[in-house]
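To start, the structure itself, in structure tokens.
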Amino acid sequence: MKATVGHVVGVLQAARKTVGKVVLVSRVGVGDSGLQGRQVSGPLTALLPGIMRPMYEDLGHAEGILRVSRLPYLLVRTTRMTGGPANNRITAVDARSPVPSRCTRVDVARFIVRMIENPTQAREITVGTA
């Protein structure tokens, strides 16, 4: 992920064109959301940052590349995503707030589209179900 984000950022910066917003979907528990990662329910979910350390470190590096890029970005850290139907109860919190429950991929995708269409000052958020 780090290499891909680095490449995308390099291409966008070299193009010197206005970019609407770069969106990176990450995972709760990465970077400054580590405390949230330990609060997630489920028998193994709270252990994932340790078990999957290389992936979480790679995502953390990718987040860092995006942060220092000076490009407008939206970093969406998701809780556990499911393949179920949309429930339209998505919520967004910062990394210091209690972690929301799992969410559907459909709800996350719809949320990202809304954030792109209606820009806010939020740049780094955790999403899940309220």
Quiz prompt | Of residues in the stretch 45-101 being under 19 Å from Ala130 (Cα atoms) and basic (Lys, Arg), the one modelled with the lowest pLDDT | solution = Arg96
Quiz item: Hey, among Ala122, Ala92, which residue is of a type outside the set (Phe, Trp, Tyr), touching a strand residue (DSSP E or B) at 6+ places or on another chain (Cβ under 6 Å), surrounded by fewer than 19 Cβ atoms within 10 Å (Cβ to Cβ) and in contact (Cβ under 8 Å) with a residue 12 or more places away in the chain?
Solution: Ala92
Exercise. Filter the stretch 74-95 down to residues that are in a loop (DSSP other than H, G, I, E, B), over 11 Å from the mean Cα position of the chain (by Cα) and of a type in the set (Val, Ile, Thr), then give me how many there are.
Key: 0
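The values are calculated or read from the model by the stated rules, or taken from the named source; none is laboratory data. Nothing here was measured: the structure is a model prediction, and the numbers come from that model. Cβ coordinates were reconstructed from backbone atoms using ideal geometry, including for glycine residues, and neighbour counts include every protein chain displayed.
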